[in-house]
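Chemist: Quick one: structure below, then a few questions.
Each reported figure results from applying straightforward, stated rules to the coordinates on display, with no laboratory input. Quick caveat: nothing in here was measured; it's all calculated off a predicted structure. Don't worry about glycine lacking a Cβ; one is built from the backbone with ideal geometry, like all the others, and counts go over all protein chains shown.
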């Protein structure tokens, strides 16, 4: 009997302990939000909403506006999506529908390994290999044929918005690909068989039966990729040029929310400066939480409990 | 219908097969290129001194990243102390106790937490630990990596535990073993391999994190002797050397990156062979 009572206590204690640990997730989210809000109080009071629309970043005179960084983050993420989305979804289609069986596992493994490459290593490769290549070969080519577009005008430095976008694309391709692959795999086989029975070719089956069925889930995968792109820090910081300006040319250097924190936080002198950087962190947190929540909802409502979003 | 139409449709199908294949090749190209350049530019600088010595001052060649490599392992050790118990026990709750509604919210929150940019983690732990402790420290670096591990470990633990057949639990309970002992001694033990895999993958992921360490561990040119001192870490050192103007340091950065990438890939490939689990499925 004493043993029984003791077990009963043990059961309850263990259950509460695990509950507490599981709830730590909510505590952590609240903690992040709280600390960033407290840290940015000074800046919030001083600049208000103006912070988001002012492009004046002047530490010497204690004037801070986040617009160039918001612009840089949006532009580099947009470039990344334009490159990554078609490539990732095509790759996911190839892996689930079209590739020969023997090739699938090795390719999947390569893609998972690419996802594991630390950001700082891609950044290093970006500085010394990718940027010189883009500067000497790819950008001049783009300018020659598409130079009539304002986004491809202007002098070529190498480090640029475009280089930042490309490196982010490399980082989010594995994520979008593997989540899309899970989505496509969860499309019921009956869908395909029905289309085949109607005499559709392999590509027609993919387009009509698979892709249109999976549209919502694929959209979720893309939004998840966007969430990662917005917060990507090291690799972007190393190739984007870190210059707070708003210009049309994609060949010009830019700056992002994440990289201004990375570069200036430990050198920030003065409370307002530090507080402005905290507020940039707050903006970044807010945006990524909204984007990620949207992605998770899309993926969860598409897939039900069977498919898990990957990381 | 008519033959030409059919041929066109077949042609289109083959065309799409080829173009999606090209995309797949494009996706793996950067990995191959990164690896190629790391070996080409980094391999020659790797020797015993690289693993055992401190960095040399600018202009002196030689030296190593011994302190950064040791620092990375010290940070990972601290991270595991925080991330593993919280993550595993939280995963136990999700798999063994939680109601489906509560679980939905916890999973949702964990996935959102996974998406929080690592740089914001850095400034949060800066405010939380570096400011009150009046200085950058190894401790703060370990904490930030540990906190980042929690949602990762929690999600994989939950998944692995759900692969344990319900019959195991019922058999144990039927023998009169209390639930918590059933979980600890039967369920967790059965799933041990998968949990270890999840933990290793989470460690591999945070091992390469640079952004959250910038304002917590901060980096150190010498050996750190106390956890309250700033400490060097491999990714930090790579970053600092990469953006420096010195050729010697660039070479060291390539060598450091090669070591870091091998460490991360070794864990990732290692667990792949290690985890064909007893249920015939691969646990992720």
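Chemist: Using Cα centres only, tell me the gap between region B:210-239 and region A:103-152 in whole Å.
Modeler: The two parts, judged by their Cα centres, are 29 Å apart.
Chemist: Also, I was wondering about something else. Using a 10 Å cut-off on Cβ to Cβ distances, tally the other chain neighbours for every residue of A:227-234 and report the average as a whole number.
Modeler: Working: counts 5, 3, 0, 2, 7, 4, 10, 11.
Mean partner shielding for this stretch: 5.
Chemist: Also: Test of understanding: express the Cα radius of gyration of chain B as a ratio to 2.2 N^0.38 Å, with N the residue count.
Modeler: 1.26
Chemist: For region B:86-130, state the average projected area of the convex hull of the C-alpha atoms over all orientations, rounded to one decimal in nm².
Modeler: 3.8 nm²
Chemist: Express the C-alpha Rg of region A:10-130 as a ratio against the empirical globular expectation 2.2 N^0.38 Å, rounded to two decimals. List each step's numbers first, then the result.
Modeler: Working: Rg = 23.0 Å, N = 121, 2.2 N^0.38 = 13.6 Å.
Cα-based Rg divided by the globular estimate yields 1.69.
Chemist: Hey, could you grab the Kirkwood Rh for region B:147-222? Inverse mean 1/r over distinct alpha carbon pairs, Å, one decimal.
Modeler: With all distinct Cα pairs of region B:147-222 included, I get 14.6 Å.
Chemist: For chain B, what relative contact order do you get, as a whole percent, if you take Cα pairs closer than 8 Å and at least 6 residues apart? Walk me through the numbers before you get to the answer.
Modeler: Numbers: 371 pairs, mean separation 71.5, N = 284.
Across chain B, relative contact order equals 25 percent.
Chemist: Could you tell me what % of all Cα pairs in region A:85-217 have separations over 17 Å? Before the final figure, lay out the partial values.
Modeler: Numbers: 5900 of 8778 pairs.
Everything past 17 Å amounts to 67 percent.
Chemist: So what's the projected area for chain A, the Cα convex hull averaged over all directions, in nm²?
Modeler: Over every viewing direction, the Cα hull of chain A projects on average to 23.9 nm².
Chemist: Could the peptides A:102-111, A:151-160, A:82-91 be put in order, highest first, of the mean number of other beta-carbon atoms found within 10 Å of their residues?
Modeler: Put in order of decreasing packing, that is A:82-91, A:151-160, A:102-111.
Chemist: Follow-up. Mind ranking B:191-203, A:21-33, B:64-76, B:174-186 by how tightly packed they are, going by the mean number of other C-beta atoms within 10 angstrom, highest first? Walk me through the intermediate numbers first.
Modeler: Values: B:191-203: 21.4, A:21-33: 18.5, B:64-76: 23.0, B:174-186: 15.5.
Those peptides, ordered most packed to least, come out B:64-76, B:191-203, A:21-33, B:174-186.
Chemist: Additional query: As a test of understanding, state the convex hull volume per residue of region B:156-284 from its alpha carbons, in Å³.
Modeler: In region B:156-284, the Cα hull volume divided by residue count equals 136 Å³.
Chemist: Over the whole of B:90-98, what's the average partner chain Cβ count within 10 Å per residue? Rounded to a whole number, please.
Modeler: 5
Chemist: Where does chain A land at 222 nm, in deg cm²/dmol rounded to the nearest 500, when only DSSP H runs of n ≥ 4 count, each adding -39500 (n - 2.57), divided by all residues?
Modeler: -22000 deg cm²/dmol
Chemist: Given the convex hull over the Cα atoms of the protein assembly as shown, what projected area results after averaging over all orientations, in nm²? Display every interim value, and only then the final one.
Modeler: On the way: hull surface 126.7 nm².
One quarter of the hull surface, i.e. the mean projection, equals 31.7 nm².
Chemist: Give me a single rounded figure for A:98-107: the average over its residues of other chain Cβ atoms within 10 Å of their Cβ. Before the final figure, lay out each step's value.
Modeler: Values: counts 7, 4, 1, 0, 0, 2, 1, 0, 1, 5.
Mean inter-chain Cβ contacts per residue within 10 Å come to 2.
Chemist: Obtain the radius of gyration and the Kirkwood radius of region A:213-276 from its C-alpha atoms and give Rg over Rh.
Modeler: The Rg/Rh ratio comes out at 1.14.
Chemist: From Cα pairs below 8 angstrom and at least 6 apart in sequence, can you work out the relative contact order of chain A, rounded to a whole percent?
Modeler: 27 percent
Chemist: May I have the extent of the alpha carbons of region B:40-94 along their three principal axes, as whole Å values ordered from largest to smallest?
Modeler: For region B:40-94, the Cα spread along each principal axis is 55, 24, 17 Å.
Chemist: On the principal axes of its Cα set, how long, how wide and how thick is region A:172-300? Give whole Å, largest value first.
Modeler: Result for region A:172-300: principal-axis Cα extents of 70, 32, 21 Å.
Chemist: Further question: Counting helices only, and only those DSSP H runs with n ≥ 4, report the 222 nm mean residue ellipticity of chain B as the sum of -39,500 (n - 2.57) divided by its residues, in deg cm²/dmol to the nearest 500.
Modeler: One gets -22000 deg cm²/dmol as the mean residue ellipticity at 222 nm.
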